Amino acid sequence: MPVIALNFVTVIHERQMKKIVRDDKLLQQKIAAMDEGFRVLEALRYPLTPAAQASLISKRPALMRLFMKIYYRMPISRLVDGPVGKS
């Protein structure tokens, strides 16, 4: 579930990670989207793997936002995030 949100966030700021880190509203929306995705999967009775990740997103969104800021500051984030459009 988080992969979809991770990829779309990079598109909004054209893969400029510094802009993503400064955009708190976007990060909050991303975390809310991940939480909603996990809730939909749970409502459809799909097992959440890892369940701890879904719990962290729903119960500690501020901490998750901090983790996302750290992630997007790391150079590896440019390599990990995949393309959203057609390849």
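Helix 61-73 sits at what angle to the longest principal axis of the chain, using alpha carbons and giving 0 to 90 degrees rounded to 10? In the chain, helix 61-73 runs at an angle near 30 degrees to the longest axis. For the pair Glu42 and Ile12, label points projected 7 Å from Cα toward Cβ lie 2.3 nm apart.
Springs between Cα atoms under 10 Å define the GNM used for the chain, and in it the highest mean-square fluctuation of Val11, Val40, Val21 occurs at Val40. Surface composition of the chain: carbon plus sulfur atoms hold 61% of the accessible area, using a 1.4 angstrom probe and ignoring ligands, DNA and RNA.
Average 1/r across all pairs of distinct alpha carbons in the chain, invert it, and you get the Kirkwood radius: 13.4 Å.
Electrostatic bookkeeping for Leu48 treats Lys and Arg as +1 and Asp and Glu as -1; over the other residues with beta carbon under 11 Å from its beta carbon, the sum is +1.
The values are calculated or read from the model by the stated rules, or taken from the named source; none is laboratory data. Values in this document were obtained by computation on a predicted structure and should not be read as measured data. Note: ideal-geometry Cβ built from the backbone for every residue, glycine included; neighbour counts use all protein chains shown. Heavy atoms of the whole protein, side chains included, go into the accessibility calculation; ligands, DNA and RNA do not. Shrake-Rupley method; radii C 1.70, N 1.55, O 1.52, S 1.80 Å.
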